[in-house]
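> Please read through the structure below; I'll follow up with questions.
Coordinate-derived values only; no laboratory data. None of these values were measured; they are calculated from a predicted model. In this analysis, Cβ positions are derived from the backbone assuming ideal geometry, glycine residues included, and neighbour counts consider all displayed protein chains.
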Amino acid sequence: MIQKPRGTRDFLPDEMEARRSTEAKMREAVRRWGYREVCTPEFEDLELFTLRSGEGIMQEMYVFEDKGGRKLALRPEITAAVIRMYINEAKVAPKPLRWCYFADCFRYERPQKGRYRQFWQFGAELIGADTAIADAEVIMLAADALNATGVTWDLKVGHLAFMKNLLKDLEPSAQRRVMAHLDKKDFDGLKTTLSEMGKADLGESLTALVECRTLAEAFEIAGTIPEKERVEQMTGILDASGVSYSLNFGIARGLDYYTGMVFEGFAHNLGAENQIVGGGAYRLAHLFGGDDVASVGFAIGFDRVMVSLGDVQPKKDTIVGIVCTSEGRSFALSVARAFRAEGIRAEMDLMERGLGAQMAHAAKSADFAVVIGAREAEAGQVTLKDLHSGEQKTLAPAAAIAEVKAHGAR
Ligand code: HAM
């Protein structure tokens, strides 16, 4: 028996319905902020992701060569692709651009609950606004989208300027090494790396920065940074908007393109893989041949949201089973059509079963049976049986449709 590839999943109809219902809630949340959906290819030139996505992602990429000898990669994330698209298609469009996406990504990771090799991200990118209110909007947007799903989670907001100020005497590659330790909260590794670099003295202030929870403390530890006013404005907007968050200046993010504000969210009821959203302000466009444009965005780990929500069943459709004899079939087909035209799910027997077997099947799978034999077909009527109460009556198709509608979802 052939199995699905490691780290991938199949989704049966119940699960797909639950996923679509949650997806719709997020879509509705971002629509209200003016974010419109975009779509990019599943694979891109490898270079798009090697330029600035960071060590971690590069090692996890699905890379292949096509028949023309081009080096391609399945997208490990969507941000780089969206910025590439912006340069190709929309760089003269009025700014800012508010874009969102719901798309699958591929990372060759060690699979476990909440960590897959194919997974879906629901994200947004705000392109061309370089202000405190733009940073705040994206955080509030992510919060709205996640809150709409019903997950319970904690939001942590930081800014790279503090860490970068402490590390300003280090080469960019050394800065990245240090930040990678901080991103993973690997304090032992941090200590070793800093002493190798002859910078052991930085350990104390970096640890203090990671642990501090107020702006005042952070400024004290990291010194005055040029972004001071912008950070204060952004937190002021968040405070006034009532978003619940905590400050965390240890957020370094695994991807290399962030330049300023960064944020992450963690679900309450997930284990090791509890990070359900990540984002921040970044610059990528100049690397891909465009003008330097400031952007802010986030991506929600949709599969982790679904794991966190558990088995919440979405509202079920009302199902009508059309039960008919061969004499009643052509009238039954038109009745089924009339139910569907009114938005009601109607299912006909396809197995050439007898009336009794059809009824037994409807009792297992439907809420109502609409029975049509020769007598009903001749009179242009149907027998509607409520399969929950057992009640039944004979009436015109339009009246049966009205009756089913009146019951609402079962
Ligand atoms: P990221 O933190 O690498 O950021 O991924 C965003 C979210 O995707 C994570 O917080 C996590 O919930 C989910 N995720 C990542 N890897 C997996 C996996 N293997 N299985 C399941 N879920 C996963 C980005 O990708 C950035 N592009 C976010 C961004 C957008 N920054 C600016 N704009």
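> Need one number: nm distance between label points at Ser330 and Ser241, each 7 Å from Cα along Cα→Cβ, rounded to one decimal.
Modelled inter-label distance: 6.2 nm.
> Okay, next question. Looking at the stretch 215-289, which GluC sites (Glu not before Pro) are in a loop (DSSP not H, G, I, E or B) and have at most 10 other Cβ atoms within 10 Å?
On the way: sites: Glu217, Glu220, Glu227, Glu229, Glu232, Glu264, Glu273; in loops: Glu227, Glu273.
Passing both the DSSP loop test and the Cβ count: no residue.
> Once Rh is set to the Kirkwood radius over Cα pairs, what Stokes-Einstein translational diffusion coefficient, in µm²/s, holds for the chain at a temperature of 25 °C and a viscosity of 0.890 mPa s? Present the calculation step by step, with values, prior to reporting the outcome.
On the way: Rh = 24.8 Å.
Once the numbers are plugged in, D ends up at 99 µm²/s.
> Starting with the highest mean, order 111-119, 308-316, 198-206 by the number of other Cβ atoms within 10 Å, averaged over the residues of each peptide.
111-119, 198-206, 308-316
> With each label point set 7 Å from Cα along the Cα-Cβ vector, what nm distance links Lys168 and Thr131?
Reported label-point gap for Lys168 and Thr131 is 2.7 nm.
> From the square roots a ≥ b ≥ c of the eigenvalues of the alpha-carbon gyration tensor of the stretch 101-199, which class results: rounded (a/c under 1.5), prolate (a/b over b/c), or oblate? Walk me through the numbers on the way to the answer.
Details: a/c = 2.26, a/b = 1.42, b/c = 1.59.
Verdict is oblate for the stretch 101-199.
> May I ask you to compute the full-extension gain from Met197 to Glu403, defined as 0.36 nm times their residue separation minus their alpha-carbon distance, rounded to one decimal in nm?
Details: separation 206, 0.36 × 206 = 74.16 nm, distance 7.71 nm.
Going from the current span to full extension adds 66.4 nm.
> How far apart, in nanometres, would the label points at Arg353 and Arg36 be if each is projected 7 angstrom from Cα along the Cα-to-Cβ direction?
So the label points at Arg353 and Arg36 sit 4.8 nm apart.
> Out of all DSSP beta bridges in the stretch 1-106, what portion is antiparallel? Express it as a percent rounded to 5.
Working: 6 of 8 bridges.
Antiparallel: roughly 75 percent of the beta bridges in the stretch 1-106.
> For the cross-link pairs Lys95/Lys168; Lys95/Lys164; Lys316/Lys364; Lys71/Lys156, which exceed 26 Å when the distance is taken from alpha carbon to alpha carbon?
Details: Lys95/Lys168 32 Å; Lys95/Lys164 29 Å; Lys316/Lys364 15 Å; Lys71/Lys156 37 Å.
Over 26 Å Cα-Cα: Lys95/Lys168; Lys95/Lys164; Lys71/Lys156.
> Let me ask something additional. Could you tell me the center-to-center distance, by alpha carbons, between the stretch 205-252 and the stretch 1-42 in angstrom?
The stretch 205-252 and the stretch 1-42 have Cα centres separated by 34 Å.
> If the chain between Asp292 and Asp14 were fully stretched, how many nm would it gain, using 0.36 nm times the residue separation less the Cα-Cα distance? Working shown, then result.
On the way: separation 278, 0.36 × 278 = 100.08 nm, distance 4.52 nm.
Roughly 95.6 nm would be gained on extension.
> While we're on this one: Give the calculated FRET efficiency between Asp66 and Ile2 to the nearest 0.05, with a Förster radius of 25 Å applied to their Cβ-Cβ distance. List each step's numbers first, then the result.
Numbers: r = 24 Å, r/R0 = 0.98.
For R0 = 25 Å, the calculated efficiency reads 0.55.
> In addition: Please identify, among Gln275, Gln381, Gln175, the residue showing maximal mean-square fluctuation in a Gaussian network model of the chain using a 10 angstrom Cα cutoff.
So, out of Gln275, Gln381, Gln175, the one fluctuating most is Gln381.
> Under 19 Å from the 7 Å Cα→Cβ point of Glu28, by amide nitrogen: which residues of the stretch 112-127?
122-123
> At a 10 angstrom cut-off on C-beta neighbours, averaged per residue, how do the peptides 89-96, 341-348, 247-254 rank from highest to lowest?
Details: 89-96: 12.5, 341-348: 15.0, 247-254: 21.0.
Those peptides, ordered most packed to least, come out 247-254, 341-348, 89-96.
> Counting DSSP beta bridges with both partners in the stretch 268-410, what percentage is antiparallel, nearest 5? Walk me through the intermediate numbers first.
Details: 15 of 24 bridges.
Approximately 60 percent, going by the DSSP bridge assignments.
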